[in-house]
Each structure stands twice: as C-alpha cells, then as structure tokens.
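Structure first, commentary second.
The values are calculated or read from the model by the stated rules, or taken from the named source; none is laboratory data. On a predicted model such as this, the values are computed, not experimentally measured, just so you know. Every residue, glycine among them, receives a Cβ derived from its backbone with ideal geometry; neighbour counts consider all protein chains shown.
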Ligand code: ACO
C-alpha cells in the first residue's frame, strides 16, 4: 500500500474533511475512510461491498474489465497451462514460485498429512446417508478443531503452518469420504504414491472389489479444475473466512464458515445449479423459453453459470476450462452428449443476445466445470465439494496473511438503521 500524498475532500454540513488516498500496485485508487466516523460522525453505506476494499492483500489481483486474474503476479492461464495445483498452492501460501527442492519438500509435507484421524470415520457415520456432501463438509471440517488440538493456537506461527498443511492435505480425503458415505460405499484411504489430483480420483472412484486405474488425462483435467479455483481474492467465502478469523477463531472453524458461504447458489453452488439447469432445459429447442425467463424481471430465474460481480468482459478461468471440457469430452468420446449440445447452444445464444451483451454477462468458471465433472462421473452434489477443496488453499493463504498483519482488527461493519426509535414496552393486555 503506497501513501500517494493524494487525498480527496469531502464537504459535509459546511465542513471539509481530507480523506487520504492509497495507490495499489494494480487496480483503482482506494479512499481511506477509517477516520471518517470519528471526524465527521457519518458512516458510509455499501451493502454487498460493491465499492469497498475490506483489507489490503498481496495474494491475488483481478481486473474484471480486462478479464485478468493474477496470483502473486502470475496470470492464471500461464499457471493453468504450465504449473500444477500444489505448485500454485505453494505460490499462494509463500508468495514465490518454489525451487525444485522447495516443491519436493512441500509436496512431501502435504502428502504426509492426507490421512484423517481414524476417529473421524465415526463422526461421518453420524450424518444421514442422504446428507448433501456440503453439509457433511461444513460439519467435518469444523470438527477438525476437535481432532487436531496442536494446530488451533493462531498466535503460534508453527501451529498456523501445520493447520494450513493439514487443511490442504485433508480436504480431498474428507470430500471423497463425504461422497463415498452418500453413496453407501466404503471409505477409500489415500494413496501417497499418487499425485494430489490422481489421489482424489482414486479416493472417489476406487472400490475394494475392483482395480481402478486413474486416467492421467482425467487427473490432469482434475488438477486444472483445482488450479483454476485455488483463489479469487476477496470473494464472499474468503471474506467470510477473514471475518470469522478476525475474532481469533481457530482455522478449522473459520474454513468451515467459508465452506458454508461457498455452498450458496450465487457462489460455489452455481456449478451444481448450472448443471441442474442444463438438465431441466433438456433440449436445444427449449433454450429460447429459458432465455426469455432469464430476461423477465418478474421471474426469479437466472441463467446459472452466467455473470460475475467482478468480471465484466470474460472470466479467464472459463476460457481455460472451455478448452479442458473439449479435451475431456473428446477423450471420453461423449461430444454428442445432449447436455453438452444444450450447453454449447445456450452459451452461443446468450453471448449473442443484447440483454446479456448489454449487462456484460459472460459464462463464468462454473458453466464449464460442471460439464467436465459430469463427464468424469461425478454427481452434481459433488461439484461444490470439489470447488471447496480447491479453494481451501485460497482461504488458508488469505487467513495467514490476515493473522500475520499487526493491524488486524475484528471485522465489525456498521449499519444504516431504519427500524423503530426507542419506545416504551407495552404490557400484553394493552396491545
Ligand atoms: N441471468 C440473468 N440475468 C442476470 C444474471 C444471470 N445469470 N446475472 C445478472 N443478471 C442481471 C441482473 O438481473 C441485473 O439486472 P438489472 O440491472 O436489470 O437489475 C444485472 O444483470 C446485474 O446483476 P446483479 O445481480 O446486480 O450482479 P451481481 O454482481 O450482484 O451478481 C452474480 C453477480 C451473483 C454472479 C450473478 O450474475 C448471478 O446470480 N449469476 C448466476 C449465478 C452464478 O453463476 N454464480 C457463480 C458466480 S462465479 C463463482 O462464484 C465462482
């Protein structure tokens, strides 16, 4: 954060107030209003944080107009094309790309933590068999604080580090266990001879009765989905993790809060909602009906997988995943899948429709990730858990950054109160 010596002047009730301006390394200038209430006695109003920076950060940068996403300065398309998920995890956590030795050490540390405490198996069995895997994830990740007492002291940098590695390493195991539980199959232990993505496919699709060979092309596509979802600066779930941890809560509880937020259909739940929408549309001839509904203000229906709060040009993650979707469907020989036909036609229709053009509504990452995951054999209920495990590193990196910041304060927004003013209690017989 650079103090530019620039400032803005606010005129209010005949008084002038100087508001300092900070210049970021990229992105728009930021007006510092921290002293505004103390000096002028007013709050600012910004529900949904459309113009408010909630923190400073050095991790991820998005230029929504350009369709640019950078992690520690590196463009997402380069990372998705040349790097892989665990290297990106290292980059997000520690700020620089690792040397070969650093990467080997990091991968070994993550791999050594892939198993979960055996007693956690009992915890899973407390859930109803048909529980949504996201419900299970919220509960089990929150419960990690009850199993890993030696990594809940956030004032100890070593414990913070161990908690970070545990979360990144165990989330695929927990997500796969939630899936296995929901379909009535036995839990599959992790295999540390496989890489992160291949191991996840193994834990989801292996059964004791049959040999399961992980297809390297599918493992690569899985890794790319993880990489593309790794972090996305101050989105709703990350802000939730930051807000929860601003009170000093333990990292597992904070990440559980982030998972709960991610589950919503306007956020990570959109990939499931998008595929369900494609199934509901069912055939290309019904697309006009759904496009008309999406444009109708009296109908709450929205085209799932379209639009983004920040991207107003293109979602760079969607561009990469579109390519991946073609590769995976080609490999699996299912280019003629009716769902895919609907997806392709819907995409083209929306991209050429003045409503979507005018409002800058483009397919987002969730539009294509659902198509790939469905082709890989995942049920829609697993789409958001996969997003969850991928985003864990983002939450953890942002959490670590926040805790290490000496200026960290408890997050406590103010409000524009529109309720009753003080009034006297009325006894029940007089109401
Ligand atoms: N279909 C139809 N109309 C839409 C859509 C859509 N998917 N998205 C936005 N609009 C319209 C709104 O009705 C609004 O129209 P108006 O100005 O006439 O009132 C305008 O576009 C702006 O939309 P807002 O809701 O104000 O935009 P916001 O930034 O708050 O919402 C969001 C962004 C939540 C992603 C929205 O576009 C949406 O609901 N999309 C569908 C859900 C989805 O795909 N979410 C995934 C996001 S990506 C992620 O989390 C990884």
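Data table
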{"read-out": "Cβ pairs under 9 Å, 6+ apart, first in the range 287-298 and over 13 Å from residue 350 (Cβ atoms), second more than 10 Å from the ligand (Cβ to nearest atom)", "value": "289/281"}
{"read-out": "Selected residue (only one of 237, 283, 245 is away from the ligand (no atom under 14 Å from the Cβ) and within 30 Å of residue 174 (Cβ to Cβ))", "value": "245"}
{"read-out": "Residue check for residue 357: closer than 30 Å to residue 60 by Cβ, more than 25 Å from the chain's Cα centre (by Cα) and at pLDDT 90 or above", "value": "yes"}
{"read-out": "Residue within the range 289-301 that is in contact with a helix residue (DSSP H, G or I) (Cβ under 7 Å, 6 or more places away or on another chain), more than 12 Å from the ligand (Cβ to nearest atom) and either on the phi < 0 side of the Ramachandran plot or not in a helix (DSSP H, G or I) (or both) present", "value": "no"}
{"read-out": "Condition check for residue 336: more than 13 Å from the ligand (Cβ to nearest atom), in a helix (DSSP H, G or I) and without any contact (Cβ under 8 Å) to a residue 12 or more places away in the chain", "value": "no"}
{"read-out": "Check on residue 370, without any contact (Cβ under 8 Å) to a residue 24 or more places away in the chain and either under 29 Å from residue 254 (Cα atoms) or in a loop (DSSP other than H, G, I, E, B) (or both)", "value": "no"}
{"read-out": "Segments classed as helices (runs of 4 or more DSSP H), wholly inside the range 80-157, with at least 2 members that are under 23 Å from residue 262 (Cα atoms) and touching a residue at least 12 places away in the same chain (Cβ under 8 Å)", "value": "85-94, 120-124, 133-147"}
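Each row is one residue, and each column tells you yes or no for (1) within 22 Å of residue 268 (Cα to Cα); (2) surrounded by fewer than 18 Cβ atoms within 10 Å (Cβ to Cβ).
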{"site": "286", "(1), (2)": "no, yes"}
{"site": "296", "(1), (2)": "no, yes"}
{"site": "308", "(1), (2)": "yes, no"}
{"site": "313", "(1), (2)": "yes, yes"}
{"site": "317", "(1), (2)": "yes, no"}
{"site": "325", "(1), (2)": "yes, no"}
{"site": "330", "(1), (2)": "no, yes"}
{"site": "340", "(1), (2)": "yes, no"}
{"site": "347", "(1), (2)": "yes, no"}
